[in-house]
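Each reported figure results from applying straightforward, stated rules to the coordinates on display, with no laboratory input. For clarity, every value in this text was computed on a predicted model and none was experimentally measured. Counting neighbours? That spans all protein chains shown, and the Cβs are built from the backbone with ideal geometry, glycine included.
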Amino acid sequence: MKIHIRRIEATDNQPLAKMIRTVFEEHVAPQHGTVYSDPTTDTLYELFQKPKAVHWVAVVEGVIVGCCGIYPTEGLEKNCAELVKFYLSQEARGKGIGKQLMEKSIESALLFGYEQLYIESLPQFAKAVGMYEKLGFERLSKPLGNSGHSTCNIWMLKKLK
């Protein structure tokens with residue numbers, strides 16, 4: 001299985017939105033106040049055309065199987081970005097693809113000059129949260145910034161430097 005990780009392209013919008021929403025449905029995760037209902041989920045290519053932002057896409061045999069990005073979320077400190085839109089299709093889990101996407105995103109954050117990474121999640125994504133903890137993310141008692149995802153109730157921060 002050859003994994004190709006590349007920057008998001010305009011033609012990725014529809015397949016990425018479908019994959020992300022499928023992951024939410026599989027995990028019976030809340031659809032309101034999350035990425036599921038966020039209108040930017042349908043226009044990720046456009047969203048990531050912002051300075052100091054990047055969205056990585058994992059492709060296997062021409063099919064998008066995962067994604068992860070870095071985004072300067074409104075309300076975060078200047079030296080802090082949010083690790084966003086980190087999702088893997090069911091077929092891609094347990095194969096190291098998530099780790100590759102995460103490493104590529106952290107490397108990008110460092111290149112952009114960020115010193116901290118923030119992430120929001122939900123209890124339904126407990127396996128991902130466990131991975132974040134192993135990578136040095138620490139739980140917070142309240143959210144940072146203004147992601148617009150009011151249903152998320154797990155907030156974590158990692159110091160990069």
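Residues of region 109-130 that are of a type outside the set (Lys, Arg), closer than 27 Å to Gln90 by Cβ and exposed (fewer than 15 other Cβ atoms within 10 Å of the Cβ): Pro123, Ala126, Gly130.
In the set (1) touching a residue at least 60 places away in the same chain (Cβ under 8 Å); (2) within 19 Å of Thr41 (Cβ to Cβ), Ala92 fails one condition alone, (1). Among the residues of region 67-83, the one identified as without any contact (Cβ under 8 Å) to a residue 40 or more places away in the chain and either in contact with a Cys (Cβ under 6 Å, 6 or more places away or on another chain) or under 19 Å from Gln14 (Cβ atoms) (or both) is Cys68. Please determine whether any residue of region 92-104 is of a type in the set (Gly, Ala, Ser), part of a helix (DSSP H, G or I), out of contact with any helix residue (DSSP H, G or I) (no Cβ under 9 Å at 6 or more places or on another chain) and crowded, with 19+ Cβ neighbours inside 10 Å. Scanning region 92-104, I find no residue that is of a type in the set (Gly, Ala, Ser), part of a helix (DSSP H, G or I), out of contact with any helix residue (DSSP H, G or I) (no Cβ under 9 Å at 6 or more places or on another chain) and crowded, with 19+ Cβ neighbours inside 10 Å, so the answer is no. List pairs: first in region 11-34 and touching a residue at least 60 places away in the same chain (Cβ under 8 Å), second surrounded by fewer than 18 Cβ atoms within 10 Å (Cβ to Cβ) and in a loop (DSSP other than H, G, I, E, B), Cβ under 6 Å, 6+ apart or cross-chain? From residues that are touching a residue at least 60 places away in the same chain (Cβ under 8 Å), the pairs are Pro30/Thr151; Gly33/Ser150; Gly33/Thr151; Thr34/Thr151.
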